[in-house]
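Read-outs: derived from the displayed coordinates by stated rules, not from any lab. Keep in mind that what you see is a predicted model, and the values were worked out from it rather than measured. Glycine gets a Cβ as well: all are built from the backbone with ideal geometry, and neighbour counts include every protein chain shown.
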Ligand code: 5RP
């Protein structure tokens, strides 16, 4: 499981605190990544102690972990709604004075299409992060999941928008990264992103784009773990 950046203790603090927000009877979106893994493990322990929850995983990885720790699973089309989603992020805008506060870049694990679906469906979406993820302005590459046939034409359109696309792991001997949905990922460097909402709209309009990793206006709170506690940003 990816653990790049941030301490494991901080990730654990954030994940375990978020798991405390899960109530009896909840349907819970189970995000992807090393921080959310701590939440999934904590929910699994609560299930052992009698908590009645159903989880909706956002990736093969989170599904495997949820099965391992004994969380009963369900699907989006089998429930009336999702009470809470807990998910990680690669970058989070932490600047209460700007309209972009709480905007995210996700998709470091190539799971952002299903993550966005589940996180957006939730009544409450809580981001779990360590301090290394916080920023004044998003400036990491934006992961863009594309239909395999579309990767070159989408790359051209991304360049027209001022981005520099790289097919994820194109140089790997066994081929580029393939998502759980059978698609490819372009990591698109735009430099500092002044207007994430506008870029999100432009990326979504490109034919062949399945989903991108800009999450704007979706998060309700960010739980920022430190080595010895958690700060909740809303
Ligand atoms: C996967 C994601 C992850 O939530 C994101 O990469 C953060 O992962 P981690 O908690 O391991 O740092 O978006 O697609």
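To the nearest 10 degrees, how steeply does helix 34-48 sit against the main Cα axis of the chain, on a 0 to 90 scale?
Rounded to the nearest ten degrees, it is 30.
If R₀ is 41 angstrom, what is the calculated FRET efficiency for the pair residue 123 and residue 149, using the beta carbon separation as r and rounding to 0.05?
0.65
Compute the distance from the alpha-carbon center of the range 1-80 to that of the range 81-117, in whole Å.
16 Å
Once the convex hull of the C-alpha atoms of the range 108-180 is built, how many Å³ does it hold per residue, rounded to a whole number?
145 Å³
So what's the range 77-234 giving for Cα Rg divided by 2.2 N^0.38 Å, two decimals?
1.04
Angle between the Cα long axis of helix 112-121 and the longest principal axis of the chain, 0 to 90 degrees, nearest 10?
Its long axis makes an angle of about 50 degrees.
Take every DSSP beta bridge with both residues inside the chain and express the antiparallel ones as a percent of the total, to the nearest 5.
Roughly 50 percent of the DSSP beta bridges within the chain come out antiparallel.
What whole-number volume per residue, in cubic angstrom, does the convex hull of the C-alpha atoms of the range 1-97 give?
In the range 1-97, the Cα convex hull volume per residue is 114 Å³.
Can you give the extra length, in nm with one decimal, that the chain gains between residue 227 and residue 139 once fully stretched, where that is 0.36 nm per residue apart less the Cα-Cα distance?
Full extension of this stretch gives 29.1 nm more.
Considering Cα pairs under 8 angstrom that are at least six residues apart, work out the relative contact order of the range 37-160 and quote it in whole percent.
So the answer I get is 24 percent.
Working out 0.36 nm times the residue gap between residue 8 and residue 97, then minus their Cα-Cα distance, what length gain in nm do you get to one decimal?
29.1 nm
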